[in-house]
């Protein structure tokens, strides 16, 4: 059986200048690159582009299906 992938939440600045927060799944290899990467948006259930070059803050990783906690 295939192991569930780690989910991530991150915010980046789109080409339009608007901020976009996305919950997604991708390979760890993709996260080591710079610029646009292809990810699977968990909430929209489709492939999207995430711009690591304009990442705001840090990515938050959590177990699949769990709710991320943003408490300090």
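From the list 11, 21, which residue is modelled with pLDDT of 95 or more, surrounded by 13 or more Cβ atoms within 10 Å (Cβ to Cβ) and in contact with a strand residue (DSSP E or B) (Cβ under 7 Å, 6 or more places away or on another chain)? It would help to see each step written out before you state the result.
On the way: 21 fails: surrounded by 13 or more Cβ atoms within 10 Å (Cβ to Cβ).
One residue alone meets the criteria, 11.
Any residue in region 50-72 that's assigned to a strand (DSSP E or B): show its pairings with residues that are modelled with pLDDT under 70 at Cβ separation under 9 Å, as long as the two are six or more apart or on different chains.
60/68; 60/69; 60/70; 61/68; 62/68; 62/69
Could you tell me whether region 24-31 includes any residue that is outside any strand (DSSP E or B), at pLDDT below 95, in contact with a strand residue (DSSP E or B) (Cβ under 7 Å, 6 or more places away or on another chain) and surrounded by 10 or more Cβ atoms within 10 Å (Cβ to Cβ)? Let's see the steps before the verdict.
Step one: filter region 24-31 for residues outside any strand (DSSP E or B), giving 26-31.
Pick out the ones that are also at pLDDT below 95 and you get 26-31.
Within this subset, residues satisfying the condition of being in contact with a strand residue (DSSP E or B) (Cβ under 7 Å, 6 or more places away or on another chain) are 26, 30.
From what's left, surrounded by 10 or more Cβ atoms within 10 Å (Cβ to Cβ): 26, 30.
Checked against the condition, which is being outside any strand (DSSP E or B), at pLDDT below 95, in contact with a strand residue (DSSP E or B) (Cβ under 7 Å, 6 or more places away or on another chain) and surrounded by 10 or more Cβ atoms within 10 Å (Cβ to Cβ), region 24-31 yields at least one hit.
Among the residues of region 34-46, which ones are surrounded by 11 or more Cβ atoms within 10 Å (Cβ to Cβ) and more than 16 Å from residue 64 (Cβ to Cβ)?
Selection gives 36, 37, 38, 44.
The values are calculated or read from the model by the stated rules, or taken from the named source; none is laboratory data. Since the structure is predicted, the reported quantities are computational estimates derived from the model, not experimental observations. Neighbour counts are summed over all protein chains in view; Cβ atoms, including those assigned to glycine, are modelled from backbone coordinates with ideal geometry.
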